[in-house]
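A.B. asks: Provided herewith is a single structure, encoded as structure tokens, for subsequent inquiry.
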Amino acid sequence: MKDTITLSVFRGDHTGGEERSYDVPVTEGMVVLDAVHYIQQHLAPDLAVRWNCKAARCGSCSAEINGRPRLMCKTRLDVLGEGVIHVRPMKSFPVIRDLVTDVSWNYRVARQIPGFTPAHPAPFVMHQVDVERSQEFRKCIECFLCQNVCHVLRDHDLKSRYVGPRFMIKIAELEMHPMDTVDRIDFTQKDAGVGYCNVTKCCQEVCPEHIHITDNAIIPMKERVADEKYDPVRMLVRAIRGR
Amino acid sequence: MSEAIETHEHDVVIIGAGGAGLRAAISAAQPGVRVAVLCKSLLGKAHTVMAEGGAAAALGNLDAADSWRTHFYDTVRSAHFINNYRTAEIFAKEAPDRIIELEGWGALFDRTPDGKIMQRPFGAHTFRRLAHVGDHTGLELIRTLQYRAIQSEVEFFQEFTSTRLLLDGDRVAGVMGYYRETGRFALFRARAVVLATGGWGRLYQVTSNSWESTGDGAAMAFMAGAELGDMEMVQFHPTGMVWPPGVRGILVTEGVRGEGGVLLNSEGERFMLRYDPERQELSSRDVVARAIYKEVQAGRGTPHGGAWLDITHKGAAFILRKLPNMYDQYLTLANVDITKTKFEVAPTCHYTMGGVRADPETCATTVKGLYACGEVACGLHGANRLGGNSLSDLLVFGRRAGEAAREWAQGLEAQPGIDAAEVQAEQERVLAPFSVEKGENPYDLHAQLQAVMSTHAGIARDRAGLEAGLAKVEELKERSRKVACGGSRMFNPGWHMCFDVKSMLTLGEAIIRSAMARTESRGAHWRTDYPDETEEMGSVNFVVWRDGDEMKLKTAPVPKMPPELRALFETGRAPGVPAPTGSPSERR
């Protein structure tokens, strides 16, 4: 590996900006966030970046590194090859400054999802095998990389119609919780817009927690909606009853 | 230059949105009560998210003999008897209810074969006690509380840096700060304020703490006149990552040892058998951290100055199920497969037992209307915190602080007054770094402070070192008067660092002054010039407070336990444990 590496980092805000180059000395095992910190400490103290834990737990340092959405704290320089490393903010959200984007839309969506409503007060008797599917979704660190690559949100900007992969797994997690009693099928179809997902699986490919977002959450939720809403017998019953 | 300042009015303002702040918000929120949460990061990113091992509560799901008495016993013994017994008593009694409450809010803990909450063994806990989800329990806790809190009427102000507590006479009146995104100021008028701002691990070079842990809350409370206690008590977690350099300090959960991992020195010796034959690797954190430190000093360290941790004997399937994040962390960041090979670990600054002195029942501080809960508060952990006690601490005292703050707020007839001149002065203070020419770089000051603290007030301390450290902190404090930043006010990390450094300098001074006063070794506080625990020092806590521009130090008596609690310690055995019938069993 070389002694120094060049990072080309986006500098700017919602009105625009450009990439600027910084030379950073390389140490063994260095990750992109280390390099960004070096820039902050020595070359550009006002470089804006979100980060908290630097241990891939909090999901704050999401960015696009050489065009691929990644956590900066988990991306080692030595896997990126020898050339210039381009670091840009997530494209699907408005830029606030430099690498920091406005992800507040996600927090507004979160408030709309009907919360956990158990059949009776805890403690519950639940078996490991019954909680494992929801536990997989609860590993989500809300880095929003899945939202960033989702075509519906990224290319078509349909944030008003589709809640995105992050919140599809939130809905699935609640629906698959053994003790939950709320029916979110109507919500999943109409408000959450599950039909917009065209199953390209880009979200699960970028998930740093390796959650099978499409396979284990979105496809089963599509099936539940189809069972409930598009089953021919049920459709006939609804037509006769007029609702 | 003054600007029109955005002003809000609330009954309860909570600073911090980690476990303690969110739990406080949930209990403060009631119809008609105006509650705001101010958090420095985005919601759900606070340091709680990094907690790995679990939340300790005497549920007795696996070991029926466990009870609040045993949890109390373990907590007080590990605190080396200088914590507040009443705080520990309330804690041990209420922790199980708080865990079950989380389950009722949707948390999904790992299960026992009969479908109850699974509990894992952990350092210095007599019984299997930690409710957990793999090695990411903190995430489960914060996410559960976060989604519960957003269902309520609580207002959240994200990425808001609080810089000052405002007072009306001797009681709290509000909080000032600025939005990180725009740099614009806001004033939150409040009848009660709950501090849930976490610890100050960023004072040290090698730390498991996130950037947020700069102690702003404790420093603000100190400025407002609150007392800080036990500041010398800083926990070094025995196992942090060591190599490569960029990851140094990142936590390796105690769960590795809880699930059967063993520590080895460079000669392949399981050295914990020498330091604590009874509890071995699951001894308390202060003992294990010191043991690793001593092995390295004796020339038996690993290539990068630590110890080996080995869990390969448990098999890959077990490790992947119980410690998935540890596996991923070592594979991604260090190219080490922990299912196949032992790996290097060394102590890392992890937790601050000291903090704002808080009443056991209400979490009230010495400033009226100001409450403190979670890591920023002091009282539960004494000289050494037990693993797993932090998460249940957040829940028990977050709830109590939120309730007490609401009751205080409801008892006031009017909103406390705000002094316009003070608001003006605070704006000028906060903006000052922009107009300093050729000033000090805050990142440099921070790096130098970390070096001073690590060298002079780290795991091993002595009088000469502490005195030299204090002189250096004083010098850095002087230089910090000319701290400067450039750029605009919009999301400017260099500017934010100016205040973080000042907070940390205050707390660094408090740590060193308290460490100088405690002329003994107790728990996490190891004085090489006073290697023994003394009876005299066991009856006092050291307290610092502000007198003008000066930091003053005094002693406060450790509250005396009533006879029925004292009796728990007289058999020399934890409650629920039968009298010994032979040699301790081998763990491996």
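A.B. asks: Within the range A:71-88, identify whether any single residue is away from every other protein chain (no Cβ under 11 Å) and under 16 Å from the mean Cα position of the chain (by Cα), and answer yes or no. Walk me through how you get there before you give the answer.
C.D. replies: From the range A:71-88, those away from every other protein chain (no Cβ under 11 Å) are A:72, A:80-88; that's our starting set.
Going one step further and asking which of them are under 16 Å from the mean Cα position of the chain (by Cα), we end up with A:72.
Yes, that holds for at least one residue.
A.B. asks: Being modelled with pLDDT of 95 or more, more than 30 Å from B:A79 (Cβ to Cβ) and open to solvent by less than 20 Å² (accessible area, probe 1.4 Å) narrows it down to one residue among B:L505, B:L476; which is it?
C.D. replies: Of the residues listed, the single one that is modelled with pLDDT of 95 or more, more than 30 Å from B:A79 (Cβ to Cβ) and open to solvent by less than 20 Å² (accessible area, probe 1.4 Å) is B:L476.
A.B. asks: Could you please give the count of residues in the range A:16-31 that are more than 10 Å from chain B (Cβ to nearest Cβ), in contact with a helix residue (DSSP H, G or I) (Cβ under 9 Å, 6 or more places away or on another chain) and surrounded by 15 or more Cβ atoms within 10 Å (Cβ to Cβ)? So that I can check it myself, show each step before the final result.
C.D. replies: To start, the set of residues in the range A:16-31 that are more than 10 Å from chain B (Cβ to nearest Cβ) comprises A:16-26.
Applying the additional criterion that residues be in contact with a helix residue (DSSP H, G or I) (Cβ under 9 Å, 6 or more places away or on another chain) yields A:22-26.
Next cut, surrounded by 15 or more Cβ atoms within 10 Å (Cβ to Cβ) only: A:22, A:24, A:26.
Final tally of qualifying residues: 3.
A.B. asks: Does B:K45 count as open to solvent by 10 Å² or more (accessible area, probe 1.4 Å), basic (K, R) and at negative phi? Step through it out loud before you land on a result.
C.D. replies: Details: open to solvent by 10 Å² or more (accessible area, probe 1.4 Å): no; basic (K, R): yes; at negative phi: yes.
Here the answer is no, as B:K45 does not meet what is asked.
A.B. asks: Okay, moving on. Which one of these is within 14 Å of chain A (Cβ to nearest Cβ), closer than 16 Å to B:G54 by Cα and aromatic (F, W, Y): B:F122, B:F109? So that I can check it myself, show each step before the final result.
C.D. replies: Details: B:F122 fails: within 14 Å of chain A (Cβ to nearest Cβ).
On inspection, the qualifying residue turns out to be B:F109.
A.B. asks: Output the number of the condition that B:E94 fails; it satisfies all remaining conditions of (1) farther than 17 Å from B:C373 by Cα; (2) more than 14 Å from chain A (Cβ to nearest Cβ).
C.D. replies: With (1) farther than 17 Å from B:C373 by Cα; (2) more than 14 Å from chain A (Cβ to nearest Cβ) applied to B:E94, the lone miss is (1).
A.B. asks: Do any helices (runs of 4 or more DSSP H) entirely within the range B:278-383 hold 1 or more residues that are buried (at least 22 other Cβ atoms within 10 Å of the Cβ), more than 14 Å from chain A (Cβ to nearest Cβ) and not acidic (D, E), and if so, which? Spell out how you get there, then give the answer.
C.D. replies: Values: elements: B:285-297, B:316-322, B:324-334.
Fully inside the range B:278-383 and qualifying: B:285-297, B:316-322.
A.B. asks: Now for a separate question. Pick from the range B:360-404 the residues that are acidic (D, E) and touching a Gly at 6+ places or on another chain (Cβ under 8 Å): which of them is farthest from B:A556 (Cα to Cα)? First the steps, then the outcome.
C.D. replies: From the range B:360-404, those acidic (D, E) are B:361, B:375, B:393, B:403; that's our starting set.
Now restrict to residues that are touching a Gly at 6+ places or on another chain (Cβ under 8 Å): B:375, B:393.
Working: B:E375: 20, B:D393: 23 Å.
Checked the range B:360-404; the qualifying residue farthest from B:A556 (Cα to Cα) is B:D393.
A.B. asks: Evaluate the range A:77-86: report whether one residue or more is open to solvent by 10 Å² or more (accessible area, probe 1.4 Å) and in contact with a helix residue (DSSP H, G or I) (Cβ under 7 Å, 6 or more places away or on another chain). Even if it seems obvious, please write down each step before you answer.
C.D. replies: Taking the range A:77-86 as the starting set, the residues that turn out to be open to solvent by 10 Å² or more (accessible area, probe 1.4 Å) are A:78-84, A:86.
Next, from what is left, pick out any that are in contact with a helix residue (DSSP H, G or I) (Cβ under 7 Å, 6 or more places away or on another chain): none.
No, that holds for no residue.
A.B. asks: Go through B:L42, B:L62 for me and flag whichever is within 30 Å of A:A55 (Cα to Cα), in a loop (DSSP other than H, G, I, E, B) and touching a residue at least 60 places away in the same chain (Cβ under 8 Å).
C.D. replies: Values: B:L62 fails: within 30 Å of A:A55 (Cα to Cα).
So the residue among B:L42, B:L62 that is within 30 Å of A:A55 (Cα to Cα), in a loop (DSSP other than H, G, I, E, B) and touching a residue at least 60 places away in the same chain (Cβ under 8 Å) is B:L42.
A.B. asks: Same structure again: Scan the range A:121-134 and tell me whether some residue there is in the same structural domain as A:R11 (by TED's automatic domain parsing), of a type outside the set (F, W, Y) and either surrounded by fewer than 18 Cβ atoms within 10 Å (Cβ to Cβ) or over 22 Å from the mean Cα position of the chain (by Cα) (or both).
C.D. replies: no
A.B. asks: Right, next: How many residues are surrounded by fewer than 24 Cβ atoms within 10 Å (Cβ to Cβ) and not in a helix (DSSP H, G or I) if we restrict to the range B:213-225?
C.D. replies: 2
A.B. asks: Checking the conditions here, which among B:R429, B:R400 is open to solvent by 40 Å² or more (accessible area, probe 1.4 Å) and in contact with a Cys (Cβ under 8 Å, 6 or more places away or on another chain)?
C.D. replies: Values: B:R429 fails: in contact with a Cys (Cβ under 8 Å, 6 or more places away or on another chain).
Answer to the selection: B:R400.
A.B. asks: Also, I was wondering about something else. Within the range A:35-70, which residues are open to solvent by 30 Å² or more (accessible area, probe 1.4 Å) and either more than 8 Å from chain B (Cβ to nearest Cβ) or without any contact (Cβ under 8 Å) to a residue 12 or more places away in the chain (or both)?
C.D. replies: Of everything in the range A:35-70, those that are open to solvent by 30 Å² or more (accessible area, probe 1.4 Å) and either more than 8 Å from chain B (Cβ to nearest Cβ) or without any contact (Cβ under 8 Å) to a residue 12 or more places away in the chain (or both) turn out to be A:Y38, A:Q41, A:H42, A:L43, A:P45, A:D46, A:N66, A:G67, A:R68, A:R70.
A.B. asks: B:S152 is checked against (1) more than 30 Å from B:V262 (Cβ to Cβ); (2) in a loop (DSSP other than H, G, I, E, B); (3) away from chain A (no Cβ under 14 Å); (4) open to solvent by 10 Å² or more (accessible area, probe 1.4 Å) and fails just one. What number does that condition carry?
C.D. replies: In the conditions (1) more than 30 Å from B:V262 (Cβ to Cβ); (2) in a loop (DSSP other than H, G, I, E, B); (3) away from chain A (no Cβ under 14 Å); (4) open to solvent by 10 Å² or more (accessible area, probe 1.4 Å), B:S152 misses (3) alone.
The values are calculated or read from the model by the stated rules, or taken from the named source; none is laboratory data. Only a predicted model underlies this, so the values are computations on that prediction, with no experimental measurement involved. All Cβ positions, glycine included, derive from the backbone under ideal geometry; neighbour counts span all protein chains shown. Please note that ligands, DNA and RNA were not included when accessible areas were found on the heavy atoms of the full protein model with its side chains. Shrake-Rupley method; radii C 1.70, N 1.55, O 1.52, S 1.80 Å.
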